[in-house]
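The values are calculated or read from the model by the stated rules, or taken from the named source; none is laboratory data. As the structure is a computational prediction, the values presented were derived from the model and not from experiment. Cβ placement follows ideal geometry from the backbone for every residue including glycine, while neighbour counts extend to all protein chains displayed. Calculation scope for accessible area: heavy atoms of the full protein, side chains included, ligands and nucleic acids excluded. Shrake-Rupley method; radii C 1.70, N 1.55, O 1.52, S 1.80 Å.
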Amino acid sequence: MEAKAIVRNVRMTPRKIKLICDLIRGKGAGEAMAIIMNTPKAACEPMEKLLKSAVANAENNHGMNTDKLFVKEVHVGPGPVMKRVMPRAQGRAFRILKRTSHITLVLGEKE
């Protein structure tokens with residue numbers, strides 16, 4: 001049995017979010033929450049909300065025991081890229097890529 005939560009179009013690059021994903025992969029839900037809350041990264045805010053959502057889904061939709069939950073799978077992929085233009089010298093224009101991410105978190109229940 002597993003519970004899943006997905007957040008799409010997070011206005012942060014996947015590279016920054018992967019750092020947090022690697023920290024919590026395979027940990028218990030409580031331990032993962034503690035790691036997220038004590039890590040000083042901007043990516044922790046959407047990850048905290050996502051983890052809370054996944055725990056709520058597990059408890060309410062699947063009737064799982066919240067004490068036995070662990071992070072079974074977490075991955076982040078690229079979302080749509082917003083393209084912007086930065087004026088440069090001599091009339092040139094450089095492109096700025098504002099990247100977004102899709103994050104998927106799956107919780108499992110220990111036997």
Glu2 vs. criteria exposed (fewer than 10 other Cβ atoms within 10 Å of the Cβ) and at pLDDT below 95: no
Check on Glu59, under 25 Å from Glu2 (Cβ atoms) and open to solvent by 60 Å² or more (accessible area, probe 1.4 Å): yes
Strands (runs of 3 or more DSSP E) contained in the range 1-95 and holding at least 2 residues over 28 Å from Glu109 (Cβ atoms) and in contact with a strand residue (DSSP E or B) (Cβ under 8 Å, 6 or more places away or on another chain): 82-87
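Can you say whether Leu23 is within 12 Å of the chain's Cα centre (by Cα) and open to solvent by 20 Å² or more (accessible area, probe 1.4 Å), as far as the supplied structure shows? Spell out the reasoning first.
Working: within 12 Å of the chain's Cα centre (by Cα): yes; open to solvent by 20 Å² or more (accessible area, probe 1.4 Å): yes.
Here the answer is yes, as Leu23 does meet what is asked.
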Subset of the range 73-111 that is surrounded by 16 or more Cβ atoms within 10 Å (Cβ to Cβ) and touching a Leu at 6+ places or on another chain (Cβ under 8 Å) - its residue that is farthest from Lys16 (Cα to Cα): Glu109
Filter result for Arg88 (closer than 15 Å to Arg8 by Cβ and of a type in the set (Lys, Arg)): no
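One line per residue, one yes/no per condition, for (1) in contact with a His (Cβ under 7 Å, 6 or more places away or on another chain); (2) over 15 Å from Arg8 (Cα atoms):
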{"site": "Ser53", "(1), (2)": "no, no"}
{"site": "Ala56", "(1), (2)": "no, yes"}
{"site": "Gly63", "(1), (2)": "no, yes"}
{"site": "Leu69", "(1), (2)": "no, yes"}
{"site": "Arg84", "(1), (2)": "no, yes"}
{"site": "Ser101", "(1), (2)": "no, no"}
{"site": "Thr104", "(1), (2)": "yes, no"}
{"site": "Glu109", "(1), (2)": "no, yes"}
